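Below: one structure, written as structure tokens.
Computed from the coordinates by the stated procedures, all read-outs in this text should not be read as laboratory data. From a predicted model like this one, the values you see are computed outputs, not experimental measurements. Cβ placement follows ideal geometry from the backbone for every residue including glycine, while neighbour counts extend to all protein chains displayed.
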């Protein structure tokens, strides 16, 4: 800047005083920029999140949670990394066999570069050679899954066909032996399934009965319950009533001597159901004990049917001497 010569000496002196801080700040800024642009070694602390092992099946006795790296980069990159809102965290796969597991720190360099790809690293190194994990197997116990608490209702004209199945039928529990011994059952958590009109599988949660909270872990937390469903139709048969066990010496007259059986049968099983597949009886012991009336009961019928009613429910009788 040119200072006119006609300015008095005091004005030129004031200009030099005022410009000195600006020159000093500019010089410092240039020095900082040059220094921050140079590549140097900076420490970088990286947290480690280990996975690849069953935390329910194994107790962790010892595990490395962090590793220190030396990264060669510019001061700007180092500052930007330090100002990140979230720490640098590397997932580490510790899958394998045995209770002692390790992974080479050198294998973490490339994942670290990828995670911090926006920052340019000239080199990455660490004084550590490996990360280590020490496990201890927990005690275990295998138990069957109880599904008796499941509540199911069906749409009109449909019903259960066979028995529900569960997969897996058995589960393994892990934990302290004392806690495992206190477990009385593994069952479905309270659940209700309504208006079923077709066979379907349902994924349902499990619960442990008889334990302290948090002491026992399950190999699976849900099971698949398959409920077989079939369309049913109603049938009625008029059947003769006989005496059970048969006694040829006993002469008896029943009023009436036939009863109507009302039943449900799956459509696919209709060919298996006919009046000849049923036997309807009254008990000989009730007759000999002179009961006032006799109750007809089915002593033989196909497994595929569901008996809805027998009418009349009571029969009168006369013993012929």
Label-point separation in nm, residue 141 to residue 181, each point 7 Å along Cα→Cβ: 0.9
The chain - mean residue ellipticity at 222 nm from DSSP helices (-39,500 (n - 2.57) per run, n ≥ 4, rounded to 500): -5000 deg cm²/dmol
Segment residue 236-residue 84, length gained on full extension (0.36 nm per residue, minus Cα span): 46.8 nm
Counting DSSP beta bridges with both ends in the chain, the antiparallel % (nearest 5): 85
FRET efficiency estimate (nearest 0.05) - Cβ-Cβ, residue 148 to residue 267, R0 22 angstrom: 0.20
Stokes-Einstein D in µm²/s, Kirkwood radius over Cα pairs - region 171-272 at 25 °C with 0.890 mPa s viscosity: 128
Shape category assigned to region 81-158 from the gyration tensor of Cα positions, a/c cut at 1.5: oblate
Length released on extending from residue 93 to residue 113, taking residue separation times 0.36 nm less the Cα-Cα span: 5.5 nm
Max mean-square fluctuation residue, GNM over the chain, Cα-Cα springs under 10 Å, options 81, 147, 208: 81
Kirkwood estimate for region 38-137, i.e. one over the average of 1/r between Cα atoms, Å: 14.6
Förster radius 22 Å - calculated FRET efficiency between residue 300 and residue 248, Cβ distance, rounded to 0.05: 0.65
Angle between the chain longest axis and helix 9-37 axis [Cα atoms, degrees, rounded to 10]: 40
Prolate/oblate/rounded call for the chain, Cα gyration tensor, a/c under 1.5 rounded: prolate
Cα Rg, Dmax, region 234-319, angstrom units: 13.8, 43
Region 139-227 - Rg (one decimal) and Dmax (whole number), Cα, Å: 14.8, 49
Potential extension, residue 68-residue 129 segment - 0.36 nm per residue separation minus Cα distance: 20.9 nm
